[in-house]
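Read the structure below first, then the notes.
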Amino acid sequence: MKISVTDKQGSGIMLEFARAIGAIIDGRFIRIPESKGAGYITGFSWGTELRMMLRNYYLNEEILIDRTNELAEGQDYVIFLLSGIFPSPLKAEHGMQPEQANVFICRQAISSLLTMPSNTFFRSITIAVSREYLRQVFGNILHPVVASILQAKEQFAFETVISPEMVKTASEMLNQSMPESMESHYYKLKCEELLCYIFTLLAQREASPTSGMHIEDIKAIYAVKLRLQSKLDSPPDIASLAREAAMSEPKLRKLFRQTFGKGVFEYYQSMRMQEAARLLKENRLTVSEVGYQLGFTNLSHFSRVFEQHTGMKPKKYSVQLQH
């Protein structure tokens, strides 16, 4: 199914999406009909400075959202999409895939084509914040990435990890037992708490100068990321990745590090170890099965790399999961 949405007021796509799939609107909840999947979307808006959408659902069919933003004069929002921030309640054997856990940051003025794959559990929080509000709260952080988010006139895209602190805060949001009269204030505080954790991580990056990115550069860098994800059993070839991205190798390296805070190989290795941990946890594969599946011919090397990224050897990690 394809849904075309023109977002003129910066009010998000929640209601358009609900109408298109025949969802039931129940107070502040939009409930996914059984014919389309299960779960709900909810959200809050606090004037023109801050709003939040929480997604907790899965779909039986793939949906494409062709979204065009037409913001009024003076509207300038930054979007923080925290994907895969809640643990999925369904096991892998149900055929449901979790979203990749990360925080994606961009300006809302980017028109984008969003894909919502079928059989994926969406467990995310989206926070839209006016730049003026961000400058008031985080304007004292002297860091090139933060400066780009607060001031840059060009487009940008940054991505960072979901930290344990963010997971804890999001879990509290999902399971809160606040009186209805207090909910709005409570969720606003929690959104601000999540933003504090995000900016803390961004400020820990190497303070290298940032460059503005054309929308085509952003698409190309994310195509490289998807390429890395699809080939976790073989090390990246920078020359071929640069050719596919229609960039020089130095430009690819710079924009990739700027976006993700890590070099191409470092990011590849990090994704590789995340997948190793997932295979050990969800698929209950042996250490050797996981190592060989991810392209390691030397299991001692796999064990060392896994320990560098997770703090423990894969055997110990696997044993710990069984208790």
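Distant-in-sequence amide contacts of residue 61, defined by a placed amide H-H separation under 5 Å and a gap of 5 or more residues or a different chain, comprise 119. Modelled spin-label separation between residue 283 and residue 24, with each label point placed 7 Å from Cα along the Cα-to-Cβ direction: 3.8 nm.
Once the C-beta distance of residue 237 and residue 136 is scaled by a Förster radius of 41 Å, the resulting FRET efficiency is 0.35 to the nearest 0.05. Placing R0 at 22 angstrom, the Cβ-Cβ distance between residue 151 and residue 48 gives a FRET efficiency of 0.70 after rounding to 0.05.
Extension gain, residue 271 to residue 300: 0.36 nm times the residue separation minus the Cα-Cα distance gives 8.5 nm. A crude spin-label estimate for the pair residue 186 and residue 292, with each label 7 Å from Cα along the Cβ direction, gives 5.1 nm.
Computed from label points 7 Å out along Cα-Cβ, the spacing between residue 62 and residue 226 is 0.9 nm. Largest first, the three principal axis extents of the alpha carbons in the range 212-302 are 44, 22, 18 Å in whole numbers. Averaging 1/r over every pair of different alpha carbons in the range 207-260 and inverting the result gives a Kirkwood radius of 11.5 Å.
Read the figures in this text as sums done on the coordinates, not as results from a lab. Fair warning: this is a prediction, and the values are worked out from it, not measured in the lab. A quick note on method: Cβ atoms are made from the backbone with ideal geometry, for glycine too, and the neighbour counts reach across all protein chains shown.
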